[in-house]
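Trainee: My structure is below; once you've seen it, I'll send some questions.
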Amino acid sequence: MPDLPEADLQPVDPPEASAAGAGSEARRVRAGLLVELGLAPRDVARRWQKAVVEGRFEPDACADEVIAASRLKPDAESRLAGRAARLQRDLVMAPTLRGLRGAGRKAREGARGLVAFVVAQVVTLTVLAAILLVGALVGRVVFDVSYDGFLDSIASLLPD
């Protein structure tokens, strides 16, 4: 990770929110985290998951219902706070995961994919060669087939 300069961070007052969206973003995120962590009632979560699949999702109504239906114990509040902190950290660091580092990560993932592809091809060709060898041996031993004439005719096609 690159060395980041120390920052003197001071708490700031939140900006004035418009009347229409005052706090709705925070409520939406809280409701989503409640569902993700399994802290929301199962029937409420399933109903809203079904609404998403059916294209009837209303984020503010979902947030209101999930938060109203969820009664959290102190340990659940701490789980929610921890997950919210990890989500915030991930969102804050998201811009730094692009560019050179992101390209390096994609290259490593691509290299792993290439290695897996090559290994799969080698295994496939080895199995195919083994099957052909067994077939040739069965033909020679059981059916007394000679491959000398066949190989000689192929060799005669090659230039001297």
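Yes/no per residue for (1) closer than 30 Å to residue 147 by Cα; (2) of a type in the set (Asp, Glu):
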site	(1), (2)
24	no, no
43	no, yes
49	no, no
63	no, no
72	no, no
94	no, no
111	no, no
123	yes, no
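Trainee: Does region 82-95 include one or more residues that are more than 20 Å from residue 32 (Cβ to Cβ) and part of a helix (DSSP H, G or I)?
Mentor: Yes, some residue in region 82-95 is more than 20 Å from residue 32 (Cβ to Cβ) and part of a helix (DSSP H, G or I).
Trainee: So which residues in region 68-80 are closer than 14 Å to residue 36 by Cβ and part of a helix (DSSP H, G or I)?
Mentor: 76, 79, 80
Trainee: Further, regarding this structure: Might you check whether a residue that is assigned to a helix (DSSP H, G or I), within 24 Å of the chain's Cα centre (by Cα) and closer than 19 Å to residue 83 by Cβ occurs anywhere in region 49-57?
Mentor: Yes - at least one qualifying residue is present in region 49-57.
Trainee: Looking at 72, 91, which one is surrounded by 12 or more Cβ atoms within 10 Å (Cβ to Cβ), hydrophobic (A, V, I, L, M, F, W, C) and under 19 Å from residue 27 (Cα atoms)?
Mentor: 72
Trainee: Check 84, 129 and return the single one that is in contact with a Leu (Cβ under 7 Å, 6 or more places away or on another chain) and either closer than 30 Å to residue 31 by Cβ or at pLDDT 95 or above (or both).
Mentor: The unique qualifying residue is 84.
The values are calculated or read from the model by the stated rules, or taken from the named source; none is laboratory data. Just so you know, these numbers come straight off a predicted model, no measurement behind them. As a convention, Cβ positions derive from the backbone with ideal geometry for all residues, glycine included, and neighbour counts pool all protein chains shown.
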